[in-house]
Every structure is written in C-alpha cells, then in structure tokens.
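What follows is one structure encoded as structure tokens, with my remarks underneath.
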2 protein chains.
Amino acid sequence: MKQADAVVIGGSAAGLPAAIGCRRRYPQKSVILIRQEEQVLVPCGLPYIFGTLGSPEKDVVPDAILTNNNVELVKGEVVEIDREKKAVSMSSGDTIGYDKLVLTTGSLPVVLPIPGADKGNVFTANKDLIYLKNMLDTINGARDVVIIGGGFIGVEFADECKKNHDCNVTIVEVLPHCLQLALDEEFCVEAEKVLTERGIKLLLNSKVEAILGDKQVSGVRLSGGQELKADVVIMGVGARPNVELAKKAELEIGPTKAIAVDRYMRTITDVNIFACGDCAEKYSFFSGKLSRTMLASIAGAEARIVGANLFNTRYRNHGEIGVFSTIIGEQAFGCAGLTEAAARQEGFDVVVGESTAPDRHPGGMPGAANTKVKLVFSRDNGLLLGGGVSGGKGTGEIVNIISACIQHWMTAYEVSLFQMGTHPALTASPIVYQMVNAAELAVKAM
Amino acid sequence: MKQADAVVIGGSAAGLPAAIGCRRRYPQKSVILIRQEEQVLVPCGLPYIFGTLGSPEKDVVPDAILTNNNVELVKGEVVEIDREKKAVSMSSGDTIGYDKLVLTTGSLPVVLPIPGADKGNVFTANKDLIYLKNMLDTINGARDVVIIGGGFIGVEFADECKKNHDCNVTIVEVLPHCLQLALDEEFCVEAEKVLTERGIKLLLNSKVEAILGDKQVSGVRLSGGQELKADVVIMGVGARPNVELAKKAELEIGPTKAIAVDRYMRTITDVNIFACGDCAEKYSFFSGKLSRTMLASIAGAEARIVGANLFNTRYRNHGEIGVFSTIIGEQAFGCAGLTEAAARQEGFDVVVGESTAPDRHPGGMPGAANTKVKLVFSRDNGLLLGGGVSGGKGTGEIVNIISACIQHWMTAYEVSLFQMGTHPALTASPIVYQMVNAAELAVKAM
C-alpha cells in the first residue's frame with residue numbers, strides 16, 4: 001500500500017494550491033495528489049475554448065507545477081475513503097494511506113430538470129477534454145445556439161461563440177438582467193448593451209420550459225409558449241458541489257449541500273480530513289452566513305489555508321469576499337464584496353461613491369478606456385463593503401485593489417487617501433484616479 | 001479685493017485635488033485656484049509628447065474639472081503673500097484675500113551646474129507648453145540625442161524619442177544602473193536590456209562634465225574625456241522644490257529645501273497656510289525620516305489631506321510609500337514601498353518571495369505577458385515592506401494592490417491568503433497568482 005503524509009483528491013483550482021501549499025509549509029512531508037483526469041482544464045478558461053483559444057488542448061493546466069513542487073501525481077479514481085484505516089481505495093484496486101486527507105472534488109454543472117435536457121447537443125460547462133472537443137465540433141457546425149442562463153458562464157460562452165462563428169446566439173435569462181447575481185443593475189445594463197451590440201440576442205425574464213427535438217435538440221420552448229430554433233443548447237445555470245465520495249464516507253454535508261467544514265477548513269466530522277473549493281461549505285466574509293459562491297479564486301484562497309493548516313492549525317478562514325471579473329468584447333466588468341443591492345438587502349445604511357475616468361492619462365493615450373469605479377460603504381462606520389468596476393483591462397486588478405482594501409477593513413476615509421502609483425500608459429491620472437475620487441465623494445455624502 | 005475662504009496657488013497634481021477636495025469636504029466654502037499657466041500639462045505625460053502623443057497640446061489637463069467642481073480659476077502670477085492681511089498680491093496688481101491658503105508651487109527641473117548647460121538645445125522636463133513645443137521641434141530635427149540621467153524621466157524620454165524619430169539616443173547615467181534609485185538591481189538590468197534592444201545606447205557609471213558647442217550644443221564631454229556628438233541634450237537629473245514665494249513670505253524651509261509642514265500638512269510657520277506636493281516636505285511611511293521622493297501621486301494624496309484639513313483637522317499624513325510604474329517598449333516595471341536594497345539598508349532582516357507567471361490564463365491567451373512579482377517582508381514580524389513588478393500592463397495596478405497591502409500593514413501570512421479575483425483575459429490564474437505565491441514562498445523562508 002502506497003502511503004503519504006498528505007493525500008489530496010482532485011487536481012484543479014483547489015487541489016493544486018493545497019498540495020503545493022502543504023509542500024511549502026511542511027517541506028519534510030510527502031504529498032500525493034490523486035486525480036481522475038488525464039489532463040486538467042483551466043476551469044475559468046472553458047468559454048474561451050470556443051473562440052479565443054480555439055481548442056480544449058490550449059486550456060490545459062501544465063503538470064510541471066506538480067513536479068516542480070515535488071508533489072507525486074497519481075491518476076485514477078478514488079472510490080472509497082476508509083476513515084478508520086486512514087486510506088483511500090482506487091477503482092484500480094490500489095489503496096493509498098494518508099495521515100491527512102484533503103477533498104477537492106469540486107462541483108458539477110447543474111442540468112435543468114426540464115423535458116429534453118438529455119437530448120443530443122445539449123451541453124453544460126463540463127470540465128472534460130473529450131466532452132469539450134465534441135462540444136466544440138458541434139458548435140463549429142451550428143447555426144442557432146441557445147444559452148440558458150445569463151450569468152458569467154452564459155455571457156462568456158455567448159461572447160466567445162460569436163467570435164469565430166457565423167451563428168445566431170441567444171441568451172435566455174430567467175431574471176430581469178444578465179449578471180444580476182454579481183453586479184449592480186447599472187453594470188448589468190451596460191453589459192447587456194455590449195452583448196446586444198455584438199449581435200447576441202437577449203431574452204430576459206424568460207424561462208426555458210422544455211428542450212425540443214428528437215434525439216438531437218432542434219429548439220427550446222419558453223414558458224410563454226414561444227419556441228426558439230436551436231441546434232446547440234448550452235446550460236450555464238450554476239454548479240452543485242460534488243460530494244458523492246464525502247457522503248459515502250459519512251462526512252457531514254451542510255445546508256448548502258457542500259461538505260461542512262470549520263473555520264480551519266477541517267471537515268466537522270473528521271479532524272484528519274479537510275475540504276476546500278467548490279465541494280466545501282463557504283461563509284460570507286461580511287455576514288458569516290453560508291454562501292454558495294463558487295470561484296476558482298476562492299478555492300485557491302481556501303486551499304492555501306488548508307495547505308498551511310494540515311499539520312498545525314495556523315489560519316482561520318475569514319469567509320469569502322467574492323471577487324469577479326470578466327470581459328465582453330473590449331469592455332471589462334468586475335466586482336468585489338457586496339454590491340449596492342446586496343448591501344441594502346443586508347440592511348446596511350449605504351453610501352455610494354462613483355467616479356469615471358480614462359484608464360490612461362492624458363485621455364488621448366493609446367488604448368485608453370473610460371473606466372468607472374463604484375464603491376459601496378457603510379454610513380455608520382465608513383467601512384468599505386464592496387465595489388463594481390467597468391472599463392478597460394485594468395479592471396481585473398482594480399477589483400483586486402478593492403478586495404485588498406475590503407480584506408483589511410478600510411474605511412472611506414482611508415480609501416480616499418489611498419497612495420496609488422500612476423503612469424500615463426498604465427493607469428488613470430492621479431487627479432482623477434477613480435477609487436480615491438469615489439471614496440472622497442462617498443465621504444462627502446456621509 | 002477678491003476674497004475666498006480657500007485660495008490655492010498652483011493648478012497641477014497637488015493644486016487640483018486640494019481645491020476639489022476642499023469643495024467636497026466644505027461645500028459651503030468658496031475656493032479660488034490661481035495659476036500662472038494658460039494651460040496645465042499632465043506632468044507625467046511630458047515624455048510622451050515626444051513619441052506616443054506627438055504634441056504638447058495632447059498632454060493638457062482639461063479645465064472642465066475646475067468648473068465641474070465649482071472652483072473659480074484665476075490666471076496670473078502671485079508675487080507676494082501678506083500673512084498679516086491674509087492676502088496674496090498678483091503681478092497684475094490685484095490682491096486676493098484668503099482665510100486658508102494652500103501652496104502647491106511644485107518643483108523645477110534641476111539644471112546640472114556644468115559648463116555649457118545654458119547652450120541652445122539643452123532641455124529639461126520643463127512643464128511649459130511653449131518650451132515643450134520648441135523642444136519637440138528641435139528633437140524632430142535631431143540626429144543625436146544625449147539624455148543625462150537614467151531615472152524614470154530619462155528612460156521614458158529615451159524610449160519616446162526613439163519611437164517617432166530616426167535618431168541616435170544615448171543615456172548617460174552616473175550610477176551603475178538606470179532606475180537604480182527606485183528598483184532593485186535585477187529589475188534595472190531587465191529594463192536596461194529592453195532599452196538596449198530598442199536601440200538606446202547606455203553609458204553607465206558615466207558623468208557628463210561639460211556640454212560642448214558654440215551657441216547651440218554640439219556634444220557632451222564625459223569625465224573620462226570621451227566626447228559624444230549631440231544636437232540635443234535632455235537633462236533628467238531630478239527636480240527641486242519651488243519655494244521662492246514661501247521663502248519671501250518667511251515660511252520655514254526644511255532640510256530637504258522644501259516647505260516645512262506638520263503631519264496635518266500645515267506649514268509649521270503659519271497655521272493658515274498649508275503646502276502639499278513637490279514644494280512640501282515629505283516623510284517616509286516606513287522610517288518617518290525626511291524624504292525627497294516627488295511623484296504626482298504623492299502630491300495628490302497629500303492634497304486630499306489638505307483639502308480635508310483646511311477648516312477642520314481630520315487626517316494625519318502617514319508619510320509617503322512611494323509607488324512607481326513605467327513602461328519601456330512593451331514591458332512595464334513598477335514598485336511600491338521599499339526595495340530589497342533599501343530595506344536592507346534600513347537594517348531590516350529581509351525575507352523575499354518571488355513569483356513569475358503569465359498575466360493571463362491559460363498562458364496561451366492573447367496578450368499574455370510573463371509578469372514577475374517580488375515582495376519584501378520583515379522577518380521579525382512578517383510585515384510587507386515593499387514589492388517590485390515587471391511584466392505586462394497590469395503592472396500599474398498590481399503595484400497599487402501592493403501599496404494597499406503596505407498601507408494597512410499586512411503581513412506575509414495575510415498576503416498569502418489574499419482573496420483576489422481572476423479571469424482568463426484579465427489576470428494571472430488563481431493557482432499561480434504572483435502576489436499570493438510570492439507571499440507563500442516568503443512565509444516558507446521565514
């Protein structure tokens with residue numbers, strides 16, 4: 001029987017940093033990472049296979065990161081965890097013993113429980129190379145693509161499907177707006193404008209009731225009765241924690257259907273088993289309430305806590321802030337923490353500051369994109385609760401600055417004095433730098 | 001006699017945010033901004049006039065920002081401050097009374113005290129439109145450009161002069177490396193490689209002893225005796241605070257030759273007169289020692305403190321962190337806080353973490369640039385002291401994330417758990433995200 005000090009099940013956004021983190025914190029400990037996949041796909045890269053990248057092979061995480069960090073890779077499927085013997089059994093019949101076990105079994109895309117969901121050419125964002133190859137071939141030959149769900153995955157798939165193909169793309173979203181769960185309404189409207197300009201048809205407040213066709217999909221029917229032609233349907237309606245293995249091992253599953261963990265990322269059932277990433281229960285950084293946000297970046301942050309805590313308790317998980325970004329066409333969108341709507345819903349007396357300026361200076365510098373930053377503060381104590389950004393490609397790192405400020409509980413007063421660096425070809429001007437101006441305007445309004 | 005609650009002298013990177021900040025914090029107070037210039041130039045944009053922008057008119061700060069914020073603009077030169085009468089006199093003979101006065105008289109480029117420095121076609125980074133027009137015409141006709149000083153200004157001028165012109169550009173730097181006062185040596189070497197690849201000649205450890213020629217410059221002589229041909233010489237050897245007006249008003253000038261101010265940004269001589277930006281004395285965020293760092297972004301942060309403190313003391317200036325970024329060709333460089341060398345010089349027991357990865361993911365995403373982040377921590381308490389970055393255009397905002405983390409005294413432990421957001425087209429992957437990996441490696445080395 002093989003044996004390692006730490007065994008990690010899963011090799012993606014949580015498994016890799018957990019394994020590497022363990023090696024870094026405990027260089028003397030042996031680490032085995034077990035995964036089913038021949039090759040691991042970059043999860044957030046999935047939509048880009050269908051346009052920008054052009055093939056699933058270009059969306060692969062290189063295994064060098066494991067060998068470089070001296071993590072042993074075992075390919076195969078774990079079918080059982082024997083918690084008494086502290087060993088996992090593989091479908092091959094092999095067993096691997098552990099001192100500490102880490103579950104990073106991720107999530108599976110939700111398939112809507114509607115008639116016809118099992119028809120041919122109905123796809124989800126499935127992280128499997130062969131599946132994605134078939135999906136790509138099908139989309140390459142498609143005329144009418146219907147995407148169910150206007151969240152990040154749906155919107156990104158839509159934009160990418162439009163890039164290389166002369167096809168009709170329609171997003172059907174049950175809520176009043178695309179991206180509504182992540183962004184404030186004004187940003188959603190802006191994103192919808194870009195999508196529409198790019199030739200994507202949006203059906204908002206609309207629900208798909210059935211998928212039509214014989215063996216293969218030929219269309220969808222909306223709840224109002226309207227039918228849309230479709231030779232491909234993509235469902236981007238969320239993901240559910242993959243907890244089969246944990247259930248079988250009788251690890252407690254929490255109310256969000258994810259593995260229940262404590263703030264040190266240990267399963268609450270077994271002190272020797274940790275869980276992180278999409279399969280593990282999450283808490284909001286703000287309210288401490290259970291959260292269903294699944295992001296590769298949250299998985300990574302949790303995994304780093306796991307890696308550090310495996311043999312000594314070191315870090316507490318302070319809960320997920322939730323930092324998103326995306327780009328549609330040339331316009332990026334992002335947010336960190338609570339949206340204004342979410343903050344109000346939580347009962348905060350909210351003060352908002354907004355500032356828009358080019359992300360280069362002077363504004364005539366090549367590549368300048370007007371970039372808007374909206375910051376949300378609590379009136380009572382000035383605390384930064386969240387922020388939304390839309391504009392140029394710097395958006396991806398600007399939301400990260402906002403996240404850093406949230407994480408250390410900065411107030412509007414402090415953000416208004418933020419010492420940023422600026423450069424004509426890289427950032428907004430120091431005079432109009434959006435974050436400090438948004439914060440200053442919020443202070444004025446307090 | 002005109003009268004305002006607040007009078008700001010100077011209309012650039014410090015004057016504008018001071019005036020606007022005052023309006024925002026004290027909406028009922030009247031604000032007059034007095035400036036000499038017909039039009040104000042974006043100070044950091046100066047080098048870009050000579051390549052990317054192509055004319056000084058394209059580097060102008062729009063005056064709309066004043067009218068939009070209800071700040072009255074007076075054009076003219078202030079020749080005297082009467083502190084007794086609380087009024088300033090203009091060269092036109094007009095006087096303007098104030099309750100609170102803000103000096104943002106900026107800095108003047110240093111002219112090396114060497115023979116020939118007054119010859120024709122010897123230029124500095126002078127923020128004057130007519131001067132710059134003449135400078136541009138001269139450079140447009142030049143064959144041999146010699147730049148004295150390999151700091152940010154010198155390097156940026158060199159890169160820009162090369163962009164639109166078929167001319168020979170040589171940088172003469174007295175130190176062993178270009179950019180050495182701001183970046184650690186490995187980044188300097190990288191920057192020098194890019195400069196050299198772009199056809200710029202570097203003479204390091206070299207000192208210009210004299211500027212040669214009759215009325216017009218024809219060359220320079222180095223201290224070793226070597227002569228270089230030059231039909232244009234640009235001096236980028238720093239700036240000195242412009243404190244003439246303050247001296248005349250008998251405001252105390254400190255050891256760095258800047259106006260002495262307290263931590264609330266009031267001149268130590270007169271409680272009704274504030275100063276900020278290049279003309280005001282600065283302190284290091286780290287040691288509290290006097291500092292000579294002059295940056296538009298520092299000016300802005302100080303000015304926001306002044307704006308808030310004018311009629312009520314609200315904020316303390318915690319000292320300058322120093323956040324720089326630049327781009328040479330397609331490669332950006334930046335730093336925040338202390339370099340490794342500076343931290344060691346201050347006596348810190350330093351732990352460094354470094355991480356390099358593409359700034360898109362997977363690495364095959366278009367526009368991906370390998371980006372390196374180096375973080376410097378204190379071993380004793382884990383505190384983040386500074387960071388250097390080189391790579392893609394995200395560098396400008398990545399140094400700002402580092403600055404946010406420094407400003408709130410984050411430790412390596414905290415940075416290693418930083419909750420960033422990631423996106424294939426906008427940032428590095430969550431697994432290899434450089435800041436958290438650099439921090440995790442530093443923790444490992446502690």
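When B:S218 is tested against the conditions (1) among the hydroxyl-bearing types (S, T, Y); (2) under 30 Å from B:N121 (Cα atoms); (3) not assigned by TED's automatic domain parsing to the domain that holds B:G141, the lone failure is (3).
For the criterion of being buried (at least 20 other Cβ atoms within 10 Å of the Cβ), free of Cβ contacts under 8 Å to residues at least 60 places away in the same chain and among the acidic types (D, E), B:E192 passes. Scanning for something in contact (Cβ under 8 Å) with a residue 12 or more places away in the chain and either part of a loop (DSSP other than H, G, I, E, B) or surrounded by fewer than 24 Cβ atoms within 10 Å (Cβ to Cβ) (or both), does segment A:434-442 turn up at least one residue? Yes: one or more hits.
Residues checked against (1) in contact with a Gly (Cβ under 8 Å, 6 or more places away or on another chain); (2) of a type in the set (G, A, S); (3) outside the structural domain of B:I148 (by TED's automatic domain parsing):
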site	(1), (2), (3)
B:I171	yes, no, no
B:V194	yes, no, no
B:E209	no, no, no
B:G213	yes, yes, no
B:L222	no, no, no
B:G225	no, yes, no
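Restricting segment A:147-173 to residues that are hydrophobic (A, V, I, L, M, F, W, C) and over 27 Å from A:P241 (Cβ atoms), the residue that is surrounded by the fewest Cβ atoms within 10 Å (Cβ to Cβ) is A:C167. Of all residues in segment B:98-120, those that are closer than 28 Å to B:V78 by Cβ and either in contact (Cβ under 8 Å) with a residue 40 or more places away in the chain or basic (K, R) (or both) total 14. Filtering segment B:64-74 to residues that are surrounded by 14 or more Cβ atoms within 10 Å (Cβ to Cβ) and of a type outside the set (A, V, I, L, M) leaves B:N69, B:E72. Listed by first and then second residue, the pairs with beta-carbon distance under 7 Å, at least 6 apart or on different chains, first residue in segment B:385-396 and closer than 13 Å to B:M435 by Cα, second part of a helix (DSSP H, G or I) and of a type in the set (S, T, N, Q), are B:V389/B:T395. Can you work out which of the residues in segment A:388-429 that are part of a loop (DSSP other than H, G, I, E, B), of a type in the set (G, A, S) and facing chain B (nearest Cβ under 7 Å) is surrounded by the fewest Cβ atoms within 10 Å (Cβ to Cβ)? If we take residues in segment A:388-429 being part of a loop (DSSP other than H, G, I, E, B), of a type in the set (G, A, S) and facing chain B (nearest Cβ under 7 Å), then A:A425 is surrounded by the fewest Cβ atoms within 10 Å (Cβ to Cβ). Considering only residues in segment A:366-380 that are assigned to a loop (DSSP other than H, G, I, E, B) and either under 18 Å from A:T427 (Cα atoms) or at pLDDT below 95 (or both), the one that is farthest from the other protein chains (Cβ to nearest Cβ) turns out to be A:D380.
Selection of first residues in segment B:121-140 that are closer than 19 Å to B:G213 by Cα and of second residues that are hydroxyl-bearing (S, T, Y) and assigned to a strand (DSSP E or B), restricted to Cβ pairs under 6 Å at least 6 apart or on distinct chains, gives an empty result. In this structure, B:C188 does satisfy being in contact with a Leu (Cβ under 6 Å, 6 or more places away or on another chain), under 30 Å from B:S355 (Cβ atoms) and either in a helix (DSSP H, G or I) or of a type outside the set (S, T, N, Q) (or both). Looking across segment B:11-55, the residues that are more than 10 Å from chain A (Cβ to nearest Cβ), closer than 25 Å to A:Y413 by Cα and in contact with a Gly (Cβ under 7 Å, 6 or more places away or on another chain) come down to B:A18, B:C22, B:L33. Checked against (1) within 23 Å of B:M1 (Cα to Cα); (2) outside any strand (DSSP E or B), B:Y48 passes all but a single condition, namely (1). Among the residues making up segment B:430-446, those that are more than 8 Å from chain A (Cβ to nearest Cβ) and farther than 19 Å from B:S390 by Cα are B:A445, B:M446.
The values are calculated or read from the model by the stated rules, or taken from the named source; none is laboratory data. As the structure is a prediction and not an experimental result, all values here were calculated from the model. Neighbour counts are summed over all protein chains in view; Cβ atoms, including those assigned to glycine, are modelled from backbone coordinates with ideal geometry.
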